[in-house]
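Right, one structure below, let's go through it.
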Amino acid sequence: MADPVQDRMEIEFDTVAGWTAEAVAELGDDHAEPAACRGSASPAGLDWLARRCGLRPGDLLADVGGGIGGPAARARRTTGAAPVVIDPMPAACRAATSMFGLPAVVGGGDALPLRTASVPVCWCLGVLCTLGDKAALLAEVHRILHPGGALGLLVFTADEPRPPGAPEGNVFPTRTAVHELLAMSGFAGTAEVALTELPASPARWRQRIAAVEGVLARDHGADPRFAAAQDQSRRVGGLIDDGVVVGRLFHAVAR
Ligand SMILES: C[S@@+](CC[C@H](N)C(=O)[O-])C[C@H]1O[C@@H](n2cnc3c(N)ncnc32)[C@H](O)[C@@H]1O
């Protein structure tokens, strides 16, 4: 039987991924990063994480749940790191490769397709709040990281797991629960910042996102899957605007 939550996730993270790549092909490469970071941190947030994780040219960066590759592409451009995107959604992986030329592997956080202790830096942005079993994902991330390796997390936190109006499939941890999960999974937390404490996205970045969304609405506005995806992102956007949900970045080190 169809699982409505899984269906919603596939629409949001797979169907829309393919549509986004088509919109960027029309609008131009300068729209790719903003388009592909729509579910992520702001540019200032991504740069904060890159600095905290000490990313340097050539460093392998595993972006787990990396979506269509916007954060990984920005990290490569700004630091020279060598990212690989891992995501369970095949269209997201195809989009990461077609838009940015990134290596991308279809895989989920329950069994990451990477060897134990093979990666110096791992990111996992906006993923934990979409999962029930957050500890299993962090255990896998810990397995693939070098001892002493760096973890960058973006987690949308809230005081209750499903505040009224929460999007389907989201289970928000509290800020304290993130610290507990990190400690339990073998990480030492070293730094944390709320996205609201960092500079907002520049106007040009927001204009490019608006242009991409205009093309998506023009081409898919009559498709019920577009309405479902819009509903998901409006709900989370509303909770963030009301301060009920807060995006937080965490830097931690594998013990
Ligand atoms: C909100 S999006 C964030 C995408 C990207 N990290 C970013 O910051 O732009 C959440 C991503 O988590 C992925 N995801 C969902 N379940 C996952 C799992 N079990 N393991 C790894 N990734 C997962 C989704 O396919 C989606 O691409």
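The values are calculated or read from the model by the stated rules, or taken from the named source; none is laboratory data. Predicted, not measured: the structure shown is a model, and the values here were computed from it. Methodologically, a virtual Cβ is constructed for each residue, glycine included, from the backbone with ideal geometry; neighbour enumeration extends over all protein chains shown. SASA here: full protein model, heavy atoms, side chains in, ligands and nucleic acids out. Shrake-Rupley method; radii C 1.70, N 1.55, O 1.52, S 1.80 Å.
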When you scan the range 21-39, how many residues do you find that are at pLDDT below 95 and open to solvent by less than 30 Å² (accessible area, probe 1.4 Å)? 0
Looking at Gly18, Gly109, can you tell me which residue is at pLDDT below 95 and open to solvent by 10 Å² or more (accessible area, probe 1.4 Å)? Gly109
Scanning the range 29-39 for residues that are more than 15 Å from Ser98 (Cα to Cα) and more than 10 Å from the ligand (Cβ to nearest atom) gives Pro34
Between residues in the range 15-28 that are away from the ligand (no atom under 16 Å from the Cβ) and residues that are among the hydrophobic types (A, V, I, L, M, F, W, C), which pairs lie under 7 Å by C-beta distance while being six or more apart or on different chains? Glu26/Val215; Leu27/Ala211; Leu27/Val212; Leu27/Val215
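Table: residues versus (1) more than 14 Å from the ligand (Cβ to nearest atom); (2) at pLDDT 95 or above; (3) open to solvent by 50 Å² or more (accessible area, probe 1.4 Å).
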| residue | (1), (2), (3) |
| --- | --- |
| Ala41 | no, yes, no |
| Arg51 | yes, yes, yes |
| Leu60 | yes, yes, yes |
| Gly69 | no, yes, no |
| Ala73 | no, yes, no |
| Ala82 | yes, yes, no |
| Arg115 | yes, yes, yes |
Scan the range 173-192 and give yes if some residue there is within 21 Å of Gln232 (Cα to Cα), near the ligand (Cβ under 10 Å from one of its atoms) and not hydrophobic (A, V, I, L, M, F, W, C), otherwise no. no
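Residues are listed down the side, and each one gets a yes or a no for (1) open to solvent by less than 20 Å² (accessible area, probe 1.4 Å); (2) in contact with an Asp or Glu (Cβ under 8 Å, 6 or more places away or on another chain):
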| site | (1), (2) |
| --- | --- |
| Ala136 | no, yes |
| Ala139 | no, no |
| His146 | no, no |
| Phe156 | no, no |
| Pro161 | no, no |
| Pro164 | no, no |
| Pro173 | yes, no |
| Thr176 | no, no |
| Leu182 | yes, no |
Which of the following residues is in contact with a Gly (Cβ under 6 Å, 6 or more places away or on another chain), under 19 Å from Leu182 (Cβ atoms) and not aromatic (Phe, Trp, Tyr): Val85, Val119, Val127? Val127
Could you please tell me which pairs satisfy a Cβ distance under 6 Å, a separation of 6+ or placement on different chains, a first residue in the range 206-228 that is open to solvent by 80 Å² or more (accessible area, probe 1.4 Å), and a second residue that is among the β-branched types (Val, Ile, Thr)? Arg225/Ile11; Arg225/Thr15
Would you check which residues across the range 127-170 are at negative phi, part of a loop (DSSP other than H, G, I, E, B) and within 12 Å of the ligand (Cβ to nearest atom) and list them? Val127, Leu131, Gly132, Asp133, Pro167, Asn170
Which condition breaks for Asp241 when tested against (1) more than 21 Å from Trp19 (Cα to Cα); (2) without any contact (Cβ under 8 Å) to a residue 12 or more places away in the chain; (3) open to solvent by less than 80 Å² (accessible area, probe 1.4 Å)? (3)
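Rundown of residues vs (1) closer than 30 Å to Pro163 by Cβ; (2) aliphatic (A, V, I, L, M), yes/no style:
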{"residue": "Val84", "(1), (2)": "no, yes"}
{"residue": "Cys93", "(1), (2)": "no, no"}
{"residue": "Leu114", "(1), (2)": "no, yes"}
{"residue": "Leu125", "(1), (2)": "yes, yes"}
{"residue": "Leu128", "(1), (2)": "yes, yes"}
{"residue": "Leu131", "(1), (2)": "yes, yes"}
Please work out which residue is farthest from Glu10 (Cα to Cα), limiting yourself to the range 73-93 and to residues that are touching a strand residue (DSSP E or B) at 6+ places or on another chain (Cβ under 8 Å) and of a type in the set (D, E, K, R). Arg76
